[in-house]
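Since the structure comes first, as structure tokens, the remarks are kept for the end.
The values are calculated or read from the model by the stated rules, or taken from the named source; none is laboratory data. Fair warning: this is a prediction, and the values are worked out from it, not measured in the lab. With ideal geometry, Cβ positions are generated from the backbone for all residues, glycine too; neighbour counts draw on all protein chains shown. Protein only, heavy atoms only, side chains kept; ligands, DNA and RNA dropped before computing areas. Shrake-Rupley method; radii C 1.70, N 1.55, O 1.52, S 1.80 Å.
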Amino acid sequence: MENFINSLPKPVLAFLAILVGIGVFMLISPPHTVCDTQAATFKELQQGNIFSTTVKKAKIPPVIVRAKEACQLGNSAGSCYEYFMVLKKVADDIGKSSTDCTNQVFNIGEVKSAMNDGIELMVRLAWGTKPPEPGLERFGWMSEAEIAIFCRLRGVYLRANGEDGWVALRQRISAKLPGEELEISTDPTAVAVEPKKAKDLLSEQDIWNRSLFSVRCDSF
């Protein structure tokens with residue numbers, strides 16, 4: 001091989017060297033695609049919202065961290081308003097990407113986490129501490145405004161991950177929903193009892209009927 005290389009004319013060797021150099025460069029730094037550009041634009045739009053910012057070398061947590069905590073603690077329309085607005089903006093900005101690029105934008109770590117956590121928390125808040133009765137009670141304290149945001153998240157999730165992805169997420173969340181509410185014992189010697197999950201007491205169809213997942217989003 002070495003003798004063969006040495007036998008090649010210098011112009012050919014130079015040309016081969018350039019080709020190898022281009023190949024190495026492309027491996028190290030792949031070409032910038034349209035989806036890369038859309039992902040970068042999304043990050044700019046969400047700076048401070050779900051991505052942390054840096055001010056004078058100090059890292060500032062994104063708004064979603066505080067807003068989510070307030071929502072979990074307050075468990076009301078007022079305490080969850082900011083968090084739901086953050087989620088809506090995330091969904092709206094994902095929706096600005098082209099169909100071919102939606103999945104790439106969605107799968108940015110912070111984006112995927114925000115969407116998955118947001119959908120799960122909304123379902124949990126609507127469900128409550130025990131299975132709600134079928135009908136309007138399955139929405140808990142949520143009004144049309146909150147349900148419309150959930151439907152917006154659902155639509156973007158489906159666009160990014162397809163029906164199979166949505167069903168998989170629904171099943172993961174449904175498996176965590178509580179099936180019974182246990183009274184807190186004041187007896188320090190009492191043995192803690194793990195409450196049963198809804199999946200242990202109800203069918204998958206029944207859980208779907210009682211949860212926020214069953215909302216008819218074409219009405220919102």
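Within segment 32-57, residues that are hydroxyl-bearing (Ser, Thr, Tyr) have Cβ atoms under 6 Å from residues that are surrounded by 14 or more Cβ atoms within 10 Å (Cβ to Cβ) in these pairs: 52/62, counting only partners at least 6 apart in sequence or on another chain. Given the condition surrounded by fewer than 19 Cβ atoms within 10 Å (Cβ to Cβ), hydrophobic (A, V, I, L, M, F, W, C) and modelled with pLDDT under 95, answer yes or no: does some residue in segment 60-69 qualify? Yes; the residues of segment 60-69 include at least one that is surrounded by fewer than 19 Cβ atoms within 10 Å (Cβ to Cβ), hydrophobic (A, V, I, L, M, F, W, C) and modelled with pLDDT under 95.
The set of residues in segment 103-139 that are open to solvent by less than 20 Å² (accessible area, probe 1.4 Å) and not in a helix (DSSP H, G or I) contains only 132.
Only residues that are more than 16 Å from residue 50 (Cβ to Cβ), free of Cβ contacts under 8 Å to residues at least 60 places away in the same chain and among the hydroxyl-bearing types (Ser, Thr, Tyr) were counted across segment 64-102, and they come to 3.
Taking the numbered list (1) more than 28 Å from residue 178 (Cα to Cα); (2) among the charged types (D, E, K, R); (3) in a helix (DSSP H, G or I) in turn, residue 100 passes all entries but (3).
Taken over segment 140-164, the residue count meeting the criterion of being part of a helix (DSSP H, G or I), open to solvent by 20 Å² or more (accessible area, probe 1.4 Å) and not polar (S, T, N, Q) is 12. The condition of being open to solvent by 50 Å² or more (accessible area, probe 1.4 Å) and modelled with pLDDT of 90 or more holds for only one of 13, 19, 73, that being 73.
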